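The values are calculated or read from the model by the stated rules, or taken from the named source; none is laboratory data. Here the structure is a predicted model, which is why all the values come from computation and not from measurement. Here the Cβ positions follow ideal geometry from the backbone for every residue, glycine too, while neighbour counts run over all protein chains shown. Keep in mind that these areas ignore ligands, DNA and RNA; they rest on the heavy atoms of the full protein, side chains included. Shrake-Rupley method; radii C 1.70, N 1.55, O 1.52, S 1.80 Å.
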Number of protein chains: 2
Amino acid sequence: MRVLGVDPGLTRCGVGIVEGEPGRTCRLIVGGVIRTDPGTELAERLLAIEGKLTALLTKYEPDAVAVERVFSQHNVSTVIGTAQASGVAMLAGARRGLPVTTYTPSEVKAAVTGYGDADKNQVTTMVTRLLRLTEAPRPADAADAIALAICHVWRGGTKARLTGGTQNTTRTGVRQ
Amino acid sequence: MRVLGVDPGLTRCGVGIVEGEPGRTCRLIVGGVIRTDPGTELAERLLAIEGKLTALLTKYEPDAVAVERVFSQHNVSTVIGTAQASGVAMLAGARRGLPVTTYTPSEVKAAVTGYGDADKNQVTTMVTRLLRLTEAPRPADAADAIALAICHVWRGGTKARLTGGTQNTTRTGVRQ
């Protein structure tokens, strides 16, 4: 199973693709960050993030997408942009027909460190160890995205199976 | 000038297209709401909203998109979904190369009622009057979206001209 993890953000959007099976060592395919210029118009930034995510989906063909869930308790000054970036990430996955699952930071931390309140350094350390990398993924947003992907692999896409397959049940209607 | 106004929301996303010139009476092309089922997976709801918005852009070919700006002070229980829907709306406009402008609720209210603290009923009343409609647009989300479009027409797309044309300046990069 190959999973794209996304740690959403407007200025830095972490991305990581890993491959593996539940309970087995995962293999890192690619990790990094998508950056957009805070001086650029918001719609163009979202378009740039979507374009880069779509390019990753096309190139690496993951089976699923895991996105960090955004809460209104997040940093107030950035929460709206983070939510918008997360919406674009979910949309990019759904448009390709992939199951999209969201995980809370606690769920991800618990999956990779065994402890839901682990700090960023612990997550980076464990990601490095779990993937048997010689160097830690940088910046932290990339490590967080990779951790999301590992979390989803290890949970065997369970959430995705439970909540997926609803493609045809969304009702929409524009009334004139 | 033809403008699509979007009052973003996950369960009810208001949409309205008007045509007009600054200082002249606007003409309503279409107004309504895009509804998605709260019981459906989030990514699928965003995909449905994007699909319906894209269909409107294709059918009515507006020159610009105006989206209500989302603040973290919004209703805490729905702000994340509202922000995600707004991100999808901005993306849908930007993908078609249209200028996308955001307006605060106060700016829209001031534009159509002359008073930035006007209530929803006043906005609906003025939208009905300004467009010379025989019946008020329902629900309120549709009226709000139409008000956004009127606001943008009357401001002559000024904001769009000031902030637009930056399509090629967004920098992105995925580091491996």
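Write down the accessible area per residue of the protein assembly as shown in Å², having rolled a 1.4 Å probe over the full set of protein chains.
43
Among B:83-94, A:116-127, how do they line up by average Cβ neighbours within 10 Å per residue, starting with the highest? Don't skip to the answer; put the middle values down first.
Details: B:83-94: 28.3, A:116-127: 16.7.
Most protected by this proxy first, the peptides run B:83-94, A:116-127.
For the modelled label position 7 Å from the Cα of A:Arg95 along Cα-to-Cβ, which residues of the stretch A:46-85 have backbone nitrogen atoms closer than 12 Å?
A:46-58
In deg cm²/dmol and to the nearest 500, what is the mean residue ellipticity at 222 nm of chain A if only DSSP H runs of at least 4 residues count, each as -39500 (n - 2.57), divided by the residue total? Present the calculation step by step, with values, prior to reporting the outcome.
Working: 6 runs with 77 residues, N = 176.
Here the helix-only value at 222 nm equals -14000 deg cm²/dmol.
On a 0 to 90 degree scale, rounded to 10, what angle separates helix A:120-130 from the longest Cα axis of chain A?
Once rounded, one gets 70 degrees.
Apply the Karplus curve 6.51 cos²θ - 1.76 cosθ + 1.60, θ = phi - 60°, to the phi angles in the stretch B:50-62 and return the couplings in whole Hz, x for Gly and Pro.
4, x, 6, 5, 4, 5, 5, 5, 5, 6, 9, 6, x
When the accessible area of the protein assembly as shown is split by element with a 1.4 Å probe, what percent falls to carbon and sulfur?
That share works out to 48 percent.
Give me the percent of DSSP beta bridges within the protein assembly as shown that run antiparallel, rounded to the nearest 5.
Working: 28 of 44 bridges.
Rounded to the nearest five, the antiparallel share is 65 percent.
Could you give each residue of the stretch A:97-109 its phi-based ³J(HN,Hα) in whole Hz, using Karplus coefficients 6.51, -1.76, 1.60 with θ = phi - 60°, and x for Gly or Pro?
Each residue's phi maps through the Karplus curve to give x, 8, x, 10, 10, 10, 10, 6, x, 5, 4, 5, 4 Hz.
Hey, got the average number of other protein chain Cβ atoms within 10 angstrom for residues in B:106-117? Mind showing how you got there, number by number?
Values: counts 0, 0, 0, 0, 0, 0, 0, 0, 0, 0, 0, 0.
Mean inter-chain Cβ contacts per residue within 10 Å come to 0.
With angles folded into 0 to 90 degrees, how steeply does helix A:140-154 sit against the dominant principal axis of chain A? Use alpha carbons for both and round to 10.
So the helix axis and the longest Cα principal axis differ by about 80 degrees.
Need one word for the stretch A:1-133: rounded, prolate or oblate. Basis is the Cα gyration tensor (sqrt eigenvalues a ≥ b ≥ c); a/c below 1.5 gives rounded, then a/b vs b/c decides.
Oblate.
Amide H to amide H, which residues 5 or more places from B:Arg96 or on other chains are under 5 Å from it, using H placed in the peptide plane?
Close amide H contacts, sequence-distant or interchain: none at all.
I want the antiparallel fraction of DSSP beta bridges within the stretch B:2-163, as a percent rounded to 5. Let's see the in-between values first.
Details: 14 of 22 bridges.
Rounded to the nearest five, the antiparallel share is 65 percent.
Give the calculated FRET efficiency between A:Arg12 and B:Thr134 to the nearest 0.05, with a Förster radius of 56 Å applied to their Cβ-Cβ distance.
0.65
Under the definition of Cα pairs under 8 Å and six or more residues apart, what whole-number percent is the relative contact order of chain A?
Rounded, it is 31 percent for chain A.
In whole Å, how far is the Cα centre of the stretch A:54-115 from that of the stretch A:1-17?
7
Listed here are the pairs A:Lys109/B:Lys52; A:Lys59/B:Lys59; A:Lys52/A:Lys120; A:Lys52/A:Lys109; B:Lys59/B:Lys109; which of them are more than 30 Å apart at the Cα?
A:Lys109/B:Lys52; A:Lys59/B:Lys59
Given H placed 1.01 Å from N in the peptide plane, which residues other than close sequence neighbours of A:Gly5 have an amide H under 5 Å from its amide H?
Long-range HN contacts for A:Gly5: A:Gly16, A:Ile17, A:Val18, A:Ala66, A:Ala149.
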